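Some notes on the structure that comes next.
The values are calculated or read from the model by the stated rules, or taken from the named source; none is laboratory data. Just so we're clear, the structure is a prediction, and the values are computed from it rather than from any experiment. Ideal geometry is used to build each Cβ from the backbone, glycine not excepted, and the neighbour counts take in all protein chains shown.
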């Protein structure tokens, strides 16, 4: 049972993070049993694991529902990531990466540009390439544990995917990556904070009113908390404008 339960867990986790199963959507236990051709104990074991990592809520006699995205948590992760990753990139620049190391980054960047030229962008592949670029300097600075912590914030990962599929801001993301690469190539550590701050906060700017209008049902909005972080985001973007 443990092995099939893991298959169910991983399958549902991927569907929830990719937004194939939307925030706030009910997950029918019987349908999952039929989909995976398993009995209820295996599904319930997978549900428990999903609940443990904050992806679903299970209420007795009412079933399972995917959790909503916390906008406040997204803001805080971006705040944390900006502070940490800017130091990582500056340390990466200070390490004087060889042309061979830089070519690995350049290859990833070229693949991003090729993907956004397609008639329809594969958001999952672009998501992978985007993550791989940022993971690269964490890995080179032997900070993969920190990157894993960022990636394991599934609340934030779902927000990133929603930004991709709802705003189609791929060109802007690639443009930001080009600025980061330019700073790395030219060893301009002073450029890192403004470029990265703008880049990581741009998703919130792109989403804008979509959060409170088109995708209102996807978010758990605490007005007092969110007002603070929205104001913070707006102030930051005045200092580090997008574009």
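Yes/no matrix, rows are residues, columns are (1) surrounded by 13 or more Cβ atoms within 10 Å (Cβ to Cβ); (2) within 26 Å of the chain's Cα centre (by Cα); (3) assigned to a loop (DSSP other than H, G, I, E, B):
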site	(1), (2), (3)
15	yes, yes, no
19	yes, yes, yes
22	yes, yes, yes
31	no, no, no
41	no, no, no
44	yes, no, no
47	yes, yes, no
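What pairs can you find where one residue is in the range 114-139 and assigned by TED's automatic domain parsing to the domain that holds residue 166, the other is outside any helix (DSSP H, G or I), and their Cβ atoms are less than 7 Å apart, with a gap of 6+ or different chains?
From residues that are assigned by TED's automatic domain parsing to the domain that holds residue 166, the pairs are 115/121; 115/122; 124/18.
I'd like to check something: does the range 57-65 contain any residue that is surrounded by 17 or more Cβ atoms within 10 Å (Cβ to Cβ), on the phi < 0 side of the Ramachandran plot and out of contact with any strand residue (DSSP E or B) (no Cβ under 6 Å at 6 or more places or on another chain)?
no
Can you say whether residue 74 is over 24 Å from residue 191 (Cβ atoms) and crowded, with 19+ Cβ neighbours inside 10 Å, as far as the supplied structure shows?
Yes.
Out of the range 68-93, which residues are modelled with pLDDT of 95 or more and out of contact with any helix residue (DSSP H, G or I) (no Cβ under 7 Å at 6 or more places or on another chain)?
Residues satisfying the conditions are 87, 91.
Under 8 Å between Cβ atoms, at least 6 apart or on separate chains: pull out the pairs that start in the range 176-187 with a residue that is touching a residue at least 24 places away in the same chain (Cβ under 8 Å) and assigned by TED's automatic domain parsing to the domain that holds residue 198 and end on any residue that is surrounded by 13 or more Cβ atoms within 10 Å (Cβ to Cβ) and not in a helix (DSSP H, G or I).
Matching pairs, first to second residue: 184/97.
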